[in-house]
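The values are calculated or read from the model by the stated rules, or taken from the named source; none is laboratory data. Every value quoted in this text rests on a predicted model; they were computed, and no experiment measured them. Neighbour counts run over all protein chains shown; Cβ positions are idealised from the backbone, glycine included. These area figures cover heavy atoms from the full protein model, side chains too; ligands, DNA and RNA do not enter into them. Shrake-Rupley method; radii C 1.70, N 1.55, O 1.52, S 1.80 Å.
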Amino acid sequence: MADVLKGVPVAAGLTDELTARCERLKALGIVPMLATLRVGENPGDIAYETGAVKRCEKIGIAVRKIILPSDAPAGEITGHIREINADESVHGCLMFRPLTDKAAERAACELLDPSKDVDCMTDASLAGVFTGSGAGFPPCTAQACVELLDYYGVSVDGKNLAVIGRSLVIGRPVSMLLMSRNATVTVCHSHTQSLPEITRRADILIAAIGRARFVDASYVSEGQVVVDVGINLDDEGKLCGDVDYESVAPIVRAITPVPGGVGAATTAVLAKHVIESAERFAL
Ligand code: NAP
């Protein structure tokens, strides 16, 4: 049976390190602060916001929550982003997407100061991920995959990596982050042919598809490390990943569970980005 790569110890390790860094910043008179901007009452957004606030408070990061009604005019949303940009006491902003108005969402995203863009909403931050310039911050979930592999000592250097999914939130950025660590990456998507053949050849498989238990035993082979990014509800309303854990775990070397895998490390990565932003501001 596979080793289970849980996210909780990854988050705990990061939390300890970040608490110490937060204390050092406070000694310099800087209180790291995250602003959250939520439009509407999406339960998934509220759950993530609650987790993020709890994680930040544990570390000592201050949080300013901005909550707007779902019919908030675009001007009100951009007004808040402008205030966040201008406020030197705010070091990071997490905005919940998607907003109902797509044009407003794009405008708000692009307006955010990239130095405060702790979850990679702006094109400038994405460019930083793709060029490897170090500007901005990668998406927290994509970075959480990297932190998880690091924590469990899984080296990607020279390894074949298959990523299923090419979204700008996970698939593409995680591919770039791991390619910059010298992995050989195959990015797969809904038009990829012979997908199980490709994924079986990989040393490490990352599933970011959004389809409940899509990756079954036919997609994996012995010795692989499988990272399941998916968060789905199955037909019975039960939370599950993109990987069929029951059939895959007996075959592979290691696997992340859902829940309790990548998702459990994500808010700690968000906190890490806020601390890094505050450190860049301080130094
Ligand atoms: P997304 O934007 O819908 O992208 C899904 C990707 O999967 C697309 O590139 C799509 O290909 C590909 N895909 C869909 N069906 C496929 C198929 N049959 N074969 C091969 N590829 C297929 O989703 P996302 O935002 O990247 O999220 C992916 C998953 O991660 C979701 O379950 C989401 O809930 C979860 N998630 C987890 C966290 C966390 O903290 N753990 C955070 C965010 C999201 P095309 O490009 O060709 O359409």
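Once you have the Kirkwood Rh of region 27-125 from its Cα pairs, apply Stokes-Einstein at 10 °C and 1.306 mPa s and quote D in µm²/s. Provide the component values of the computation, followed by the final result.
Details: Rh = 13.8 Å.
In µm²/s, the coefficient rounds to 115.
So, taking all protein chains as they sit and a 1.4 Å probe, how much accessible area belongs to D101, in Å² rounded to tens?
80
Collect residues whose amide H, placed 1.01 Å from N in the peptide plane, falls under 5 Å from the amide H of I206; neighbours closer than 5 in sequence don't count.
Counting only residues 5 or more places away or on other chains, the set is A162, V163, I164, V227.
Counting heavy atoms of the protein chains only and a 1.4 Å probe, report the per residue accessible area for the chain as a whole number of Å². Please report the intermediate quantities before stating the final value.
Values: 12720 Å² over 283 residues.
That works out to 45 Å² per residue.
May I ask for the Kirkwood hydrodynamic radius of region 140-263, worked out over all distinct Cα pairs and given in angstroms to one decimal? Don't jump to the answer; show the numbers that get you there.
Working: mean 1/r = 0.0713 Å⁻¹.
That comes to 14.0 Å for region 140-263.
Give or take rounding to whole Å, what are the principal axis extents of the alpha carbon atoms in region 129-213, in descending order?
Between the extreme Cα coordinates on each principal axis of region 129-213 lie 36, 24, 23 Å.
Go through M121, M176 and list them by solvent-accessible area, largest first, probe radius 1.4 Å. Can you show the working numbers first?
Values: M121 10, M176 50 Å².
Result, largest first: M176, M121.
Does anything in region 175-206 have its amide N under 17 Å from the 7 Å Cα→Cβ label point of A217, and if so which residues?
196-197, 200
Could you work out how far helix 140-151 tilts from the main Cα principal axis of the chain, as a 0 to 90 degree angle to the nearest 10?
Its long axis makes an angle of about 60 degrees.
Roll a 1.4 Å probe over the protein heavy atoms and report the accessible area of M179 in Å², nearest 10.
It works out to around 90 Å².
When DSSP assigns beta bridges and you keep just the ones with both residues in the chain, what percent turn out antiparallel, to the nearest 5?
Antiparallel: roughly 5 percent of the beta bridges in the chain.
Give, as a single signed number, the net charge of other residues whose beta carbon lies under 15 Å from the beta carbon of V185, with Lys and Arg counted +1 and Asp and Glu -1.
+3
In whole percent, and with a 1.4 Å probe on the protein chains, what portion of the accessible area of the chain is carbon and sulfur? Could you put the intermediate results ahead of the total?
On the way: 6680 of 12720 Å².
Reported share for carbon and sulfur atoms: 53 percent.
Hey, if we sort L270, L283 by accessible area with the 1.4 Å probe, largest down, what's the order? Display every interim value, and only then the final one.
Numbers: L270 0, L283 165 Å².
So the residues, ranked largest to smallest area, are L283, L270.
At what distance in angstrom do the alpha carbon centres of region 206-233 and region 29-100 lie from each other?
For region 206-233 versus region 29-100, the Cα centre distance is 31 Å.
Give, to the nearest whole percent, the P(r) tail of the chain beyond 24 angstrom, counting all Cα pairs.
On the way: 20154 of 39903 pairs.
Result: 51 percent of Cα pairs exceed 24 Å.
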